[in-house]
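> Encoded as C-alpha cells, here's the structure I'll be asking about.
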Amino acid sequence: MQRILEGASLPPLPNGAVVTIGTFDGVHRGHQQVLAELRRLADELACPAVVVTFDRHPASVVRPETAPRLLTAPAQRFELLDAAGVDYAHVLRFDEERSLESPEEFVREIVVGTWHARLAVEGEDFHFGHRRRGHLTTLEETGARWGFKVASVPTLIDEVSGVAVSSEAIRHALHNADLQTATRELGRLYEMQGIVEHGDQRGRTIGFPTANVAVAGDIQLPADGVYAGWYERANGSVHRSAINIGRRPTFYADNGLLLVEAHLLDFDGDLYDEHAKVRVETWLRGETRFGSIDDLKAQLQRDVEKTRWLAEQA
C-alpha cells in the first residue's frame, strides 16, 4: 500500500478508482467488512482500492474536549489497511478549514476531482462533511450528479451483544477490562505500540524485570490491572508476557505515572530503545496496593504462573 499525503502527486488512474472515506480507527470487523467490499469491487472494475482518511481524528479538531482516545496509532492503522488489501491511503490534513467543508464540496474536491471515482463504498451509518451533515443518501445524490455509483455495506452487528460493532463500543469494553468483547469486535487481540524506555528498574530489583513501553498519550489503554498477553519485538519474535497497566501503587501510592509494563517469560536480554507491540489477551486482576514488597512478589509470581498456564492451554 502506498501512503499519499495531501498535496503529493497521485498515480495514473486510467480506469479511475474505487474509494471509501473514513477515519478507520481500530480497523475493526465493521471496517474490515467495508474494506473487503472495497477490494472486491476494485478487482471487479480493474482499478485501485483507495482509502481517503485523515491525519488525526476529526473529533480532536471539532470537539477537542471530548475527543476519544485512539484504538490505533497512525503507523498501526496503516499496517492494518495494508493488510486489508488497500492500494492507496490518501491522508488529508484535518484542520478547521477542512471541518467547515460541506459534504458536496468534499465530494467534488476529493472523490471526483482527485480520484475520479467510479464507485464509492461506505457503511450504512456513514456521515461526513461539516457537522456530519452528509450521509449515504448525500453521497448517492452527488454520485448521480458527477458520475459515480455508491455501494452500501450493511452495519455489522456483534453476535453476542446484539449491537453494532464500533470503535466506541471497543473503547468502552477496554475501559471495563472486557477483553472478550474488544477482541471479538476487533477480530484480533488489542495491541499497543511504543518504544521501550529506561525506567526506575523497580521490577528488576524484585526479580521481575519489565519492559516499560512508551505508548502515545492519545491511545486508549485497557483498564488498570494485570493481563496475560504477548510481546512482539522489532525482530518479529513473540514472547508470552505478564503485562501491568497502571501506576504501581505499592511503590508510589497515588502519585505514580501511568505505565504499560511487560514482563517477558523466560527472557533475559536488552530491550531498551526497541519498538514493541504489546497485546493483551486475558484480564488477570485489578491493580492492588500491597502491604509489603514480599506480598507483591508473591502475587507477581502467581501472575506469571497463571500467564504460563494460559499459554499452555492455548
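> Could you check how much of the accessible area of the chain is carbon and sulfur, as a whole percent, using a 1.4 Å probe?
It is 49 percent, rounded to a whole number.
> Just to be sure I understand the model, the point goes 7 Å from the Cα along the line to the Cβ. What's the resulting Leu258 to Lys306 distance in nm?
Modelled inter-label distance: 2.3 nm.
> Probe radius 1.4 Å, ligands and nucleic acids left out: which of Val238, Val121 has the largest accessible area, and how do the rest follow?
Accessible-area ranking of Val238, Val121, largest first: Val238, Val121.
> Starting from the alpha-carbon convex hull of the chain, give the projected area averaged over all orientations, in nm².
Values: hull surface 71.4 nm².
Result: 17.9 nm².
> If you take every DSSP beta bridge fully contained in region 1-126, what fraction is antiparallel? Give it as a percent rounded to 5.
0
> Under 5 Å between amide hydrogens, which residues at least 5 positions from Tyr190 or on another chain qualify, with H placed 1.01 Å from N in the peptide plane?
HN-HN under 5 Å from Tyr190: Val280.
> Rolling a 1.4 angstrom probe over the protein chains, ignoring ligands and nucleic acids, what is the accessible area of Val215 in square angstrom, nearest 10?
In the full protein context, Val215 sits at about 30 Å².
> Show that you can apply the helix-only estimate: for the chain, add -39,500 (n - 2.57) for every DSSP H stretch of four or more residues, divide by all residues, and state [θ] at 222 nm to the nearest 500.
The per-residue figure over the chain is -8500 deg cm²/dmol.
> Same structure, new question: Can you give the relative contact order of the chain as a percent, counting alpha carbon pairs under 8 Å and 6+ residues apart?
15
> Once the Cα atoms of helix 293-313 and of the chain are each reduced to a long axis, what angle between those two axes, in degrees from 0 to 90 to the nearest 10, is obtained?
The angle comes out at about 50 degrees.
> Please compute the length gained on full extension between Glu168 and Ser292, using 0.36 nm multiplied by the number of residues separating them and subtracting their Cα-Cα distance.
Full extension from Glu168 to Ser292 adds 40.8 nm.
> While we're on this one: Per residue, how large is the accessible surface of the chain? Use a 1.4 angstrom probe and give square angstrom.
Solvent-accessible surface per residue comes out at 49 Å².
> To the nearest 20 debye, what charge dipole does the chain have about its Cα centre, counting +1 at the Cβ of each Lys and Arg and -1 at the Cβ of each Asp and Glu?
For this selection, approximately 200 debye.
> Determine ³J(HN,Hα), in whole Hz, for all residues of region 155-168 in sequence, where each value follows from phi through the Karplus function 6.51 cos²θ - 1.76 cosθ + 1.60 and θ = phi - 60°; x replaces Gly and Pro.
5, 7, 9, 5, 5, 9, 7, x, 10, 5, 5, 7, 4, 5
> List the GluC sites (Glu not before Pro) within region 135-240 that fall in a DSSP loop (any state other than H, G, I, E or B) and whose Cβ has at most 16 other Cβ atoms within 10 Å.
Glu159
> Another question about this same structure. Just Gln76, Gln299, Gln193 to compare: in a GNM of the chain, with alpha carbon springs under 10 Å, which one fluctuates most?
Its mean-square fluctuation being the largest, the pick is Gln299.
> Same structure again: For helix 136-146, what angle does its Cα long axis make with the longest principal axis of the chain, in degrees from 0 to 90 and rounded to 10?
It is inclined by approximately 40 degrees.
> To continue, here is another question. Which one, His57, His198, His28, has the greatest fluctuation when you compute a Gaussian network model over the chain with C-alpha springs under 10 angstrom?
Judging by the Gaussian network model, the answer is His198.
> Quick check for you: which residues of region 88-107 have the amide N under 17 Å from the point 7 Å beyond the Cα of Glu6 toward its beta carbon?
It comes to 89-107, nothing else.
> Non-local amide H neighbours of Leu70 (under 5 Å, H modeled in plane, Pro and chain starts lacking H): which ones?
For Leu70, whose amide H was placed from the backbone, the distant partners under 5 Å are Ile219, Gln220.
> Under 5 Å between amide H atoms, partner at least 5 residues away or on a different chain: which partners does Ala151 have, H built in plane at 1.01 Å?
Under 5 Å from the amide H of Ala151 lie the amide H atoms of Ala120, Val121, Glu122, each far enough along the sequence or on another chain.
> Another question about this same structure. From zero outward in steps of 5 Å, how is the percent of C-alpha pairs of region 21-138 spread across the bins?
Here the calculated profile for region 21-138 is 2, 10, 21, 25, 23, 14, 4, 1, 0.
> Where a Cα-Cα gap under 18 Å defines reach, which aspartates and glutamates qualify for Lys297, not counting those fewer than 8 residues away within the same chain?
Cross-link targets: Asp200, Glu261, Asp266, Glu287, Glu305.
> With an 8 Å cut-off on Cα pairs and a minimum separation of 6 or more residues, tell me the relative contact order of region 27-169 in percent.
26
> Another question, if that's okay. Report the calculated FRET efficiency for Arg108 and Arg133 (r = Cβ-Cβ distance, R0 = 22 Å), to the nearest 0.05.
0.90
> Turning to a different aspect of this structure: Show which aspartates and glutamates lie in cross-link reach of Lys149 when reach means a straight Cα distance below 18 angstrom and same-chain residues fewer than eight apart are skipped.
Within the straight-line limit of under 18 Å, Lys149 reaches these aspartates and glutamates: Glu37, Asp43, Glu44, Glu104, Glu105, Glu109, Glu122, Glu124, Asp125, Glu140, Glu141.
> Out of all DSSP beta bridges with both ends in the chain, state the antiparallel percent to the nearest 5.
65
The values are calculated or read from the model by the stated rules, or taken from the named source; none is laboratory data. Keep in mind the model is a prediction, meaning the values are calculated, not measured. Glycine gets a Cβ as well: all are built from the backbone with ideal geometry, and neighbour counts include every protein chain shown. What goes into the accessible areas is simple: the full protein's heavy atoms, side chains included, and nothing from ligands, DNA or RNA. Shrake-Rupley method; radii C 1.70, N 1.55, O 1.52, S 1.80 Å.
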